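Down below is the structure, laid out as structure tokens.
The values are calculated or read from the model by the stated rules, or taken from the named source; none is laboratory data. All of these numbers come straight from a predicted model, not from anything done at the bench. Every residue, glycine as well, gets a Cβ built from its backbone with ideal geometry; the counts of neighbours run over all protein chains shown. Note: areas computed on protein heavy atoms with side chains; ligands, DNA, RNA excluded. Shrake-Rupley method; radii C 1.70, N 1.55, O 1.52, S 1.80 Å.
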Amino acid sequence: MDFLNNINKMLTDQFGPLGPLLALGLLGLALVLATLPAMLKKQPDPLAKLKAQRENGGRAPKAQGGADLRRGADRADKLEKFAGFLEPQDAETMSASRLKMLRAGYRSKNAVRMFHFAQLVLGLGLLALGVIYAMVVSSQREVGTQFMVLSTIVPGAAGYYLPQYWVQRRLQARQQEIISGFPDALDMMLVCVEAGQSLDQSINRVARESRAGYPALAEEFEMVAHEVKAGKERVQVLKDMSERVGVPDVSSFVTTLVQSATFGTSIAEALRVYSAEMRDKRVMRAEEKANTLPTKLTLGTMMFTVPPLMIILIGPSVHGIAQTLNGGG
């Protein structure tokens with residue numbers, strides 16, 4: 001007990017009242033970092049080896065054969081070791097996270113895993129930096145409990161939520177880019193269809209021509225073209241695009257094409273009507289932004305125009321009154 005009391009007193013004298021708590025926090029962080037490699041290390045399953053041997057006709061799987069051809073698979077297997085800790089175990093949560101990453105433009109198989117890994121690394125890293133900063137400051141001068149808590153918790157929380165903020169901002173920017181370029185893409189698609197091209201050819205042409213101005217929209221159309229070329233059903237491909245993008249205009253466009261294909265109506269006529277509607281909607285969006293502009297400028301006008309105007313109008317009178325009072329006194 002005397003040994004523990006001496007350590008407690010030493011930590012309190014060195015780092016303030018929260019010295020023992022900071023020491024326990026650092027010890028816990030060190031233990032977590034020390035046990036993570038052992039927990040994340042995935043041992044080979046003997047049953048999996050037996051299954052692979054049975055599939056190979058009783059022959060043992062090759063250790064080195066085909067290493068160059070399966071280099072990408074080996075990398076995927078290495079990342080798979082962290083899946084149990086860096087991915088949601090619930091299927092619904094995993095699907096929502098993958099859809100969110102797709103809408104943000106991250107199409108990699110390991111996008112969700114890298115997102116949670118970034119949250120873990122940034123959260124723990126900035127938390128450790130906050131603890132070190134708090135300990136350095138407390139060793140130099142006396143600080144309060146509120147400062148110690150804020151200097152440790154706030155950086156960790158910021159590091160944890162920074163990847164989420166980044167993905168959300170990228171998702172919004174990508175959706176706004178798709179909304180801005182969609183009317184032009186529909187006009188180009190209408191021209192291609194009326195010129196005699198099929199819908200697949202027009203989608204390829206729109207994807208190629210939209211690359212310079214709207215790369216996100218061009219990427220979505222290219223994916224649709226590749227999936228259709230691979231043999232996937234066009235209706236399902238269009239529905240997947242609607243879900244992947246998450247923009248109401250694209251969903252309405254997909255519904256229009258699906259209904260046109262179902263009822264056998266002219267695709268050119270459907271595109272003509274819908275493209276005209278998209279142009280009108282773009283004009284309405286511009287008018288809406290123009291109508292909200294005076295309201296947004298009101299605060300800036302009050303802050304930067306009214307005070308100088310008041311100084312110019314009232315300043316000379318106030319100065320004259322002050323001089324009169326001083327002369328009379």
Inset, instruction - Answer yes if at least one residue in the range 190-201 is in contact (Cβ under 8 Å) with a residue 24 or more places away in the chain, hydroxyl-bearing (Ser, Thr, Tyr) and either in contact with a Lys or Arg (Cβ under 7 Å, 6 or more places away or on another chain) or surrounded by fewer than 15 Cβ atoms within 10 Å (Cβ to Cβ) (or both), and no otherwise. - result: no
Legend entry - Subset of the range 108-143 (residues that are in a helix (DSSP H, G or I) and over 17 Å from VAL154 (Cβ atoms)): ALA111, VAL112, ARG113, MET114, PHE115, HIS116, PHE117, ALA118, LEU120, VAL121, SER139, GLN140
Legend entry - Tally of residues being open to solvent by 60 Å² or more (accessible area, probe 1.4 Å) and free of Cβ contacts under 8 Å to residues at least 12 places away in the same chain across the range 130-148: 5
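Using the structure shown, decide if GLY105 is in contact with a helix residue (DSSP H, G or I) (Cβ under 7 Å, 6 or more places away or on another chain), at pLDDT 85 or above, surrounded by 15 or more Cβ atoms within 10 Å (Cβ to Cβ) and not in a helix (DSSP H, G or I). I'd like the intermediate steps shown before the answer.
On the way: in contact with a helix residue (DSSP H, G or I) (Cβ under 7 Å, 6 or more places away or on another chain): yes; at pLDDT 85 or above: yes; surrounded by 15 or more Cβ atoms within 10 Å (Cβ to Cβ): yes; not in a helix (DSSP H, G or I): yes.
When the stated conditions are applied, GLY105 passes them.
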Legend entry - Count of the range 170-189 residues which are within 14 Å of ARG279 (Cα to Cα) and open to solvent by 30 Å² or more (accessible area, probe 1.4 Å): 5
